[in-house]
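Structure, as structure tokens:
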Amino acid sequence: MASEIRLEKLRREFGPTIAVDDISITFPSSSVTCLLGPSGCGKTTLMRMIAGLQEPTSGEIYFGDQNVTDLTPSQRNIGMVFQYPVVYRGTTVFSSVELPLRQQRISAKERKQRVTETLESLDLMDVAYEPVAELNNATRQKAAVARAVARQPQIILFDEPITNVDVSAKVQLKRALKGLVKQHAQTIIYVTHDQTEAMTLADEIALMQSGKIIQRGRPRDIYNDPNSRFGGWFLGNPGMNFVDYTVNRDGEQPMLNDPLFAQPTRISGLNGDSNVVVGIRPERVTVYEEPMPNSVEGTVLRSSVVVGGQHLMTIQIGDVVIKAKVPYTQNYEPGTTVYVECPLDYVSLFAADGHRLETELAY
Ligand code: ATP
């Protein structure tokens with residue numbers, strides 16, 4: 001059984017910069033957690049502290065019941081794969097994967113078996129006796145993964161391991177990683193700024209912003225129910241549409257009027273907020289050629305950027321501009337009048353400071 005990783009009020013400052021801001025979280029054992037966030041949010045610093053490569057300013061790190069905060073990286077017995085793997089000149093793939101096993105004084109017979117099994121599972125047998133330095137980026141990165149996995153550590157940390165490989169190799173590497181994780185059930189933390197990578201690889205995403213984990217959960221849940229405007233914007237390709245509204249209090253009933261909604265829309269569960277932000281994902285916006293119940297009229301400004309086999313349209317509705325992702329078969333020239341529906345079930349409401357409001361909308 002792999003260990004869970006528990007962080008208690010982990011903090012790292014660099015002069016006035018708070019890179020990691022008192023994070024307390026448990027990464028469950030035998031699962032893949034992606035640390036996802038934009039550049040500079042503290043992902044690498046957090047990862048390096050877990051690895052023992054960076055000293056925390058304060059706070060503690062546990063692997064299972066063991067407090068590892070003061071242990072060296074080698075005492076922590078973890079596997080690591082970085083964006084730029086270290087390449088030892090002249091070393092073949094086989095010997096590079098075997099070396100850590102030699103250091104662990106594992107018998108020759110078992111070494112051979114483990115290395116072969118790992119190389120087979122990553123489809124690397126063809127290059128087993130090639131020098132690592134002569135491999136292309138993607139294969140070299142797979143060799144680095146093999147080296148980390150073959151040792152069978154309980155914990156493996158990946159820091160943007162596939163950022164520098166081309167798209168087709170990315171798919172291959174992702175598949176290989178998924179297979180390995182299933183097979184060995186290690187506890188994996190995977191740092192990335194690429195949401196597609198996180199969505200496809202993670203059991204759970206821990207979304208980071210400004211040194212904090214602002215939301216964690218299954219990829220679908222975070223995608224469907226971001227607890228902040230930042231989460232709605234950062235996840236998605238492109239992220240949510242946001243439209244500012246001033247709440248209209250018709251008597252005591254808070255309402256949203258126009259432009260996205262065909263009818264005045266009642267808000268229940270709202271407290272004092274009077275300025276709110278409506279968020280809806282482009283793929284939830286429905287576009288019709290003819291007026292439909294609950295649709296509003298708009299004009300296509302731009303169209304036809306294909307994203308994942310769909311059209312991305314920019315549509316002007318009154319003085320608001322939103323994006324809609326529509327099926328490939330739907331394509332309208334700029335200037336076309338269209339009818340747009342934002343289904344209330346898929347609309348999120350955020351406060352002016354960006355946190356999600358627990359409200360419901362109804363016509
Ligand atoms: P990226 O994806 O660009 O690597 P990140 O999310 O991994 O970003 P970190 O590299 O952890 O973020 O950096 C977090 C913050 O800490 C940034 O403001 C960065 O400038 C700062 N920082 C990181 N390492 C150092 C250092 N050695 N000295 C000073 N500041 C640092």
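The values are calculated or read from the model by the stated rules, or taken from the named source; none is laboratory data. Everything quoted here is computed from the prediction, not taken from an experiment. Here the Cβ positions follow ideal geometry from the backbone for every residue, glycine too, while neighbour counts run over all protein chains shown. These accessible areas exclude ligands, DNA and RNA; they are computed on the full protein's heavy atoms, side chains included. Shrake-Rupley method; radii C 1.70, N 1.55, O 1.52, S 1.80 Å.
Annotations
- Cα gyration tensor category, rounded, prolate or oblate, for segment 40-90 with a/c compared to 1.5: oblate
- Cβ-Cβ distance of T26 and N224, R₀ of 25 Å, FRET efficiency by 1/(1 + (r/R0)^6): the value works out to about 0.60.
- Calculated FRET efficiency for the pair T246/Y328, C-beta based, R₀ 25 Å, to 0.05: 0.10
- Length gained on full extension, Q253 to D123: 40.6 nm, using 0.36 nm per residue less the C-alpha separation.
- Shape class of segment 218-257 from the Cα gyration tensor (axes a ≥ b ≥ c, square roots of the eigenvalues): prolate, since a/c reaches 1.5 or more and a/b is larger than b/c.
- Extension gain, A185 to N237, is 15.7 nm, computed as 0.36 nm per intervening residue step minus the present C-alpha separation.
- Entries of K178/K212; K142/K178; K109/K142; K142/K174; K174/K212 with Cα pairs more than 18 Å apart: K178/K212; K109/K142; K174/K212
- Extension gain, E360 to R89, is 91.4 nm, computed as 0.36 nm per intervening residue step minus the present C-alpha separation.
- Relative contact order of the chain, defined on C-alpha pairs under 8 angstrom at six or more residues apart (%): 16 percent
- Inter-part distance where segment 31-62 and segment 173-247 are each reduced to a Cα centre, Å: 16 Å
- Taking 7 Å steps out from each Cα toward its Cβ at T17 and V307 produces label points 3.0 nm apart.
- Segment 141-261: relative contact order as a whole-number percent, Cα under 8 Å and 6+ apart: 15 percent
- Computed E for S74/S168 - FRET, C-beta separation, R0 22 angstrom, nearest 0.05: 0.05
- Charged neighbours of Y190, selected by a Cβ distance under 12 Å, balance to -3 (K, R count +1; D, E count -1).
- Taking amide H as placed 1.01 Å from N in the peptide plane, the amide H of D123 sits under 5 Å from none that are at least 5 places away or on another chain.
- Sulfur and carbon atoms: percent of accessible area, segment 1-99 [1.4 Å]: 48 percent
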